[in-house]
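Let me begin by presenting the structure, written as structure tokens, before commenting on it.
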Amino acid sequence: MAHKKAAGSSKNGRDSNPRYLGIKINNGEGAKIGQIILRQKGRDTLAGKNVGVGKDHTLFALADGTVEFKTKRKTNFDSTITRRNIVNII
């Protein structure tokens, strides 16, 4: 009686689903309430006017309007200046 499985089975035949991150609505396009604008890991892009943040850092629209991406200079606590991306709905 065989104590091993027959040939052909593999232990590494599984794969996880992709994360589908990135911009979903581009600059200048229209957005409706609740639509996802950007899916991201961490706070690379900040939420501006009429934009909400989900628990997984997803940015979504809080009002109907046009999506606008901007950069802003931000002073850190150690007096260094960095550029941050901001998304607004206008």
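The values are calculated or read from the model by the stated rules, or taken from the named source; none is laboratory data. Just so you know, these numbers come straight off a predicted model, no measurement behind them. All Cβ positions, glycine included, derive from the backbone under ideal geometry; neighbour counts span all protein chains shown.
Note on the stretch 44-90: residues that are of a type in the set (Lys, Arg) and closer than 18 Å to GLY30 by Cα amount to 2. Every condition in (1) in contact with a Ser or Thr (Cβ under 7 Å, 6 or more places away or on another chain); (2) within 17 Å of LYS24 (Cβ to Cβ) is met by LYS41 except one, and the failing one is (1). Restricting attention to the stretch 29-41, the residues being under 11 Å from the mean Cα position of the chain (by Cα) and assigned to a loop (DSSP other than H, G, I, E, B) number 2.
Matching residues to (1) assigned to a loop (DSSP other than H, G, I, E, B); (2) of a type in the set (Ser, Thr, Tyr); (3) surrounded by 15 or more Cβ atoms within 10 Å (Cβ to Cβ):
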| site | (1), (2), (3) |
| --- | --- |
| ASN27 | yes, no, no |
| ARG43 | yes, no, no |
| PHE60 | no, no, yes |
| LYS70 | no, no, no |
| ASP78 | yes, no, no |
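In this structure, does VAL53 turn out to be free of Cβ contacts under 8 Å to residues at least 24 places away in the same chain and within 15 Å of GLY34 (Cβ to Cβ)? Criteria met by VAL53.
Annotation note: Cβ proximity below 8 Å between a residue of the stretch 62-90 that is under 14 Å from ALA47 (Cβ atoms) and touching a residue at least 40 places away in the same chain (Cβ under 8 Å) and a residue that is acidic (Asp, Glu) and assigned to a loop (DSSP other than H, G, I, E, B) (sequence gap 6+ or interchain) occurs for VAL67/GLU29; ASN85/ASP44; ILE89/ASP64. Listed by first and then second residue, the pairs with beta-carbon distance under 6 Å, at least 6 apart or on different chains, first residue in the stretch 1-25 and farther than 30 Å from ASP44 by Cβ, second modelled with pLDDT of 70 or more and of a type in the set (Lys, Arg), form an empty list.
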